[in-house]
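Down below is the structure, laid out as C-alpha cells.
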Amino acid sequence: MNLLRRQLFALPLAMAAGDASAQTGWIVVPGADNSFLVDMPGTPVYKVIDTTTPAGTPFVYHSYSLEYRRLSFVAQTALFPAEVDVARPRTNLQMVLDDRAQRLQGNKWTQVDWRQVQGAPAVEAIGPITGGSALRQLVVLKGRRFVSLGYLAPADAMRAPEAERFFRSLRLLT
C-alpha cells in the first residue's frame, strides 16, 4: 500500500450487480474475534496494529487491506477497552470522521450520512483527495466494537460495482 493510502487509512484516536469480471475472485473475509464478515475482491493483507487509548491503555486494531486494480479496500476492527466512553456513539463516530478529514482536500467531507447498520450507530462519508481520488468511509460502533470500511479510488468510482458490493456486504456478528 503506498504512502498516501497508508496515511488515509491511519487509525483514529477506525451486493451490487456488476459485470462478471468485476465479481471474479471475491471472497468473504472474517474479522477478528468473529466480529464481522465482509466481501473483498481477493485475499487482503492482515495486520495487527498495537495502539493505546489517550490514557495509555493498550489495545489492538485488526486491519485487512487490499489493492485491486485502481482501487483500495480496507476493513478494520477493534474492541475498545473499558475506559473508552462509548455511551455517546455519535461523539465517537464524529471523532473518527474529524481525524480522517485532516487527510482530505479542504479538510472536510463532502457527503456525510448518519444511519444505523444492523441496529448499530454508523456514519458513511465521502471526501476528495488531492489528485482526483476520493475516500469513502463507513464507521460502525456496536457497543465497544469498532468496525470501519474504507475505500480509496478515483472520484468517479465511489459508486462503482466493487464499492457497492464491499459496503453492502458488511455483516456484524458480535
Leading residue by the ranking (nearest to THR51 (Cα to Cα)) among those in the stretch 73-123 that are exposed (fewer than 15 other Cβ atoms within 10 Å of the Cβ) and hydroxyl-bearing (Ser, Thr, Tyr): THR91
Residue ID - farthest from VAL74 (Cα to Cα), chosen from residues in the stretch 127-166 that are touching an Asp or Glu at 6+ places or on another chain (Cβ under 9 Å) and surrounded by fewer than 20 Cβ atoms within 10 Å (Cβ to Cβ): GLY132
Any pair with Cβ under 8 angstrom, 6 or more apart, that starts in the stretch 57-69 at a residue that is within 23 Å of ALA163 (Cα to Cα) and ends at one that is modelled with pLDDT of 95 or more and acidic (Asp, Glu): TYR68/GLU162
Some residue of the stretch 3-23 being at pLDDT 95 or above and touching a strand residue (DSSP E or B) at 6+ places or on another chain (Cβ under 7 Å): no
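The values are calculated or read from the model by the stated rules, or taken from the named source; none is laboratory data. Computed from a predicted structure; not experimentally measured. Cβ: placed from backbone, ideal geometry, glycine included. Neighbour counts: every protein chain shown.
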